[in-house]
1. Which one of these is modelled with pLDDT under 85, in a helix (DSSP H, G or I) and surrounded by 14 or more Cβ atoms within 10 Å (Cβ to Cβ): ASP180, ASP162, ASP174?
2. Select from the stretch 80-123 the residues that are free of Cβ contacts under 8 Å to residues at least 24 places away in the same chain and aliphatic (A, V, I, L, M) and write down the one among them that is surrounded by the fewest Cβ atoms within 10 Å (Cβ to Cβ).
3. When you go through GLU111, GLU117 one by one, which is the residue that is modelled with pLDDT of 80 or more, assigned by TED's automatic domain parsing to the domain that holds THR83, outside any strand (DSSP E or B) and not β-branched (Val, Ile, Thr)?
Amino acid sequence: MEAFPLHWPLGRKKTDKYQRVHSAFKTTLARARDGVLKQLGMMWAKDIVISSNINTYNRGGQEIMYADQTKAKDEPGVAVYFTWKKKQYALSCDKYNTVMDNLQAIMKTLEAIRGIERWGTGDMMEAAFDGFKSLPEPKAEVTSWCEILGVEPCATAEQIKDAYRKKVMEVHPDRGGSSDMFNRVKVAYEQALANLKQI
């Protein structure tokens, strides 16, 4: 149900780390997570994935957080992917300084959108969710994974890995790159690996 590391939805703008704020939410990480799952459960959503930089391991059927959560402090964004009425959606938030607060903001958003269903008309809720589609419609100018990584379509796993390492360093936000391009390179690498498995 939870995915590490954070996979930010393509095309979504990220909040600059100096523009993040403290929240007034009074919750815990577990309560925020359970709140998101509860809201999605009441909508009969399926295929729920909560993606963040909170690194956990499973012990006795429970997800336990690792002590070192440096990555989550540096990048506290959260993305929640789910299927609702046979359509894929993604809600994401990185406005706040902690994963817990960003997850709580998503829970509150879901709660508000569900309120539309109770107080408005049924189609208002679907219209509200249409802005959160997981993947944009493909466009003619979409760049392939091999173009993004700068390799041939027949590249070996080692060539792809080397190209990915170089490219990710070039576009890293801490080195003057953009979060959008950094995410595009990560997605291209995942697509390249998936393509290798199919060969």
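The values are calculated or read from the model by the stated rules, or taken from the named source; none is laboratory data. Note that this is a predicted model, so its numbers are computed, not measured. Note: ideal-geometry Cβ built from the backbone for every residue, glycine included; neighbour counts use all protein chains shown.
1. On the way: ASP162 fails: modelled with pLDDT under 85; ASP174 fails: surrounded by 14 or more Cβ atoms within 10 Å (Cβ to Cβ).
Step by step, each of ASP180, ASP162, ASP174 is checked, and only ASP180 is modelled with pLDDT under 85, in a helix (DSSP H, G or I) and surrounded by 14 or more Cβ atoms within 10 Å (Cβ to Cβ).
2. Taking the candidates together, the pick is ALA112.
3. Numbers: GLU117 fails: modelled with pLDDT of 80 or more.
Only one candidate passes the filter, namely GLU111.
Residue-wise test of (1) modelled with pLDDT under 85; (2) charged (D, E, K, R).
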| site | (1), (2) |
| --- | --- |
| GLU2 | yes, yes |
| PRO9 | yes, no |
| ASP47 | no, yes |
| THR56 | yes, no |
| GLY60 | yes, no |
| ALA67 | yes, no |
| PHE82 | no, no |
